[in-house]
Amino acid sequence: MAPTPDLSPPSNVELRPPLHDLYGRQLSYLRISLTDVCNLRCVYCMPEDTRFRPRHEIMSDDELLTITRIMAELGITKIRLTGGEPTVRPNLVELIRAMAQNPGICDIAMTTNGILLPQLAEPLARAGLHRVNISIDTLDPVKFKQITRWGDLDTVWAGLEAAAAAGLQPLKINVVVTRGFNDDEVVAMARLSLAHPWQIRYIELMPFGSEADFAQNTVVTSAETRQRIQEALGPLQPIPGYDGRDPAAPYRLPGALGSLGFISTISEPFCGGCSRLRLTADGKLRLCLLRDGEFDILGPLRRGVDSEMLKQQILQAAYHKPWGNGLADGEIPQLRLMSQIGG
Ligand code: SAM
Ligand code: SF4
């Protein structure tokens, strides 16, 4: 249940940075979708015949850097670049170099399918990228091809090795657990954390638009995944020092070099600790991953709205970030697929 909102100051008075909402949450983390285009078509994420947005609707590099600067001035300190697939964005290395020069931004991470990391990991690290999450749902090359529709697992492993060699750490592996596709592999994935200093993150499948039925029929809860892992590999020990803002509370298997995390958006929502805002590739500020409410930043920017006025509008929009998602009331986001938000 949502706590009683702090209604002072009322929404029509001027707000001051840092970005915060009416529940008192400070919003310091921005996830930026660089593009809605992807070089894969994971079955739970987007249909094979997906049509992408025309280029003129997507933020240019200059627009993206301007919005990033504005957001940093409003209190954003941490950025995660995502997609679609962020590595297919042209000029990515230069874009990250420019973002890294922003004095307000102290952490730049990326979520990627890893396909292009063999050639990009090194230059991205040199440009200022700090770390990556790589999505790998299965260790079986045949199943990998089925889930991604045409992806090559060996290339992704080469990408992961390139990321580790380039110092993009801590390295995290995202695993969306889907019943009947890869739920029988959660133990094998957990074993990776025994010998490698990686975090394996199990994600509950979330429903979006046309893909919602698939997600609702195949979701596997974190509790079920944890139980499977513990039965096979022993007790999971919580790692001390968890600050509550990361949706995945970290655990360690006995003697493991790495760790495990469980992102339980469906079964154990973590809205109270949410410090996130999202910027879509077409320049909309999305206030909650699982709610359709958005505030247009790119439109006013292109119309030449004064940047102090735009900042005030962003502060006001963020102030009204909803407490949490509406899944329990049957509200499923319809406006965009996950690939158009980026996770
Ligand atoms: N293309 C990149 C990748 O796959 O890592 C970045 C974008 S992708 C949308 C970000 C993350 O969201 C990936 O780990 C992906 O597996 C996950 N994802 C996609 N659709 C999802 C869904 N319906 N529910 C939960 N996670 C999802
Ligand atoms: Fe592309 Fe990532 Fe979606 Fe897979 S999960 S289709 S790699 S955006």
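Nothing in this text is a laboratory measurement; each read-out follows from the coordinates by a stated rule. Everything quoted here is computed from the prediction, not taken from an experiment. As a convention, Cβ positions derive from the backbone with ideal geometry for all residues, glycine included, and neighbour counts pool all protein chains shown.
Remarks
- Length gained on full extension, ASP154 to GLN227, computed as 0.36 nm times the residue gap minus the Cα-Cα distance: 23.3 nm.
- Nonlocal Lys pairs with alpha-carbon distance under 24 Å, segment 29-340 (8 or more apart, or different chains): 9
- Convex hull projection area averaged over all views, the chain, Cα basis, nm²: 16.8
- Here's the picture: a label point sits 7 Å out from the Cα of ASP49 along the beta-carbon direction, and within segment 129-159 the residues with their amide nitrogen under 19 Å of it are 149-150.
- Scanning residues 5 or more positions from THR178 or on other chains, those with amide H under 5 Å from its amide H are ASP183, with H placed 1.01 Å from N in the peptide plane.
- Calculated [222 nm] ellipticity per residue, helices only, for the chain: -8500 deg cm²/dmol; basis is -39500 (n - 2.57) per DSSP H run with n ≥ 4, divided by all residues, nearest 500.
- Helix 186-195 and the longest principal axis of the Cα set of the chain meet at an angle near 90°.
- Using θ = phi - 60° in the Karplus curve 6.51 cos²θ - 1.76 cosθ + 1.60, the 3J(HN,Hα) couplings for segment 124-133 round to 5, 5, 5, 6, x, 5, 8, 7, 9, 9 Hz; x is entered for Gly and Pro.
- Counting neighbouring beta carbons within 10 Å and listing from fewest to most, the residues SER135, SER259 come out as SER259, SER135.
- Label sites at ASP329 and ASP243, each approximated as a point 7 angstrom past Cα along Cα to Cβ, lie 3.2 nm apart.
- Label-point gap, in nm, between ALA100 and GLU63 - each point 7 angstrom along Cα→Cβ: 2.6
- Counting only trypsin sites (Lys or Arg not before Pro) that DSSP places in a loop and that have at most 10 other Cβ atoms within 10 Å, the longest clean stretch of the chain runs over 52-302.
- Measuring from each cysteine beta-carbon in the chain, the ones with no other cysteine beta-carbon under 4.7 angstrom are CYS38, CYS106, CYS271, CYS274, CYS288.
- Chymotrypsin sites (Phe, Trp or Tyr not before Pro) within segment 85-174, DSSP loop, no more than 15 other Cβ atoms inside 10 Å: TRP150
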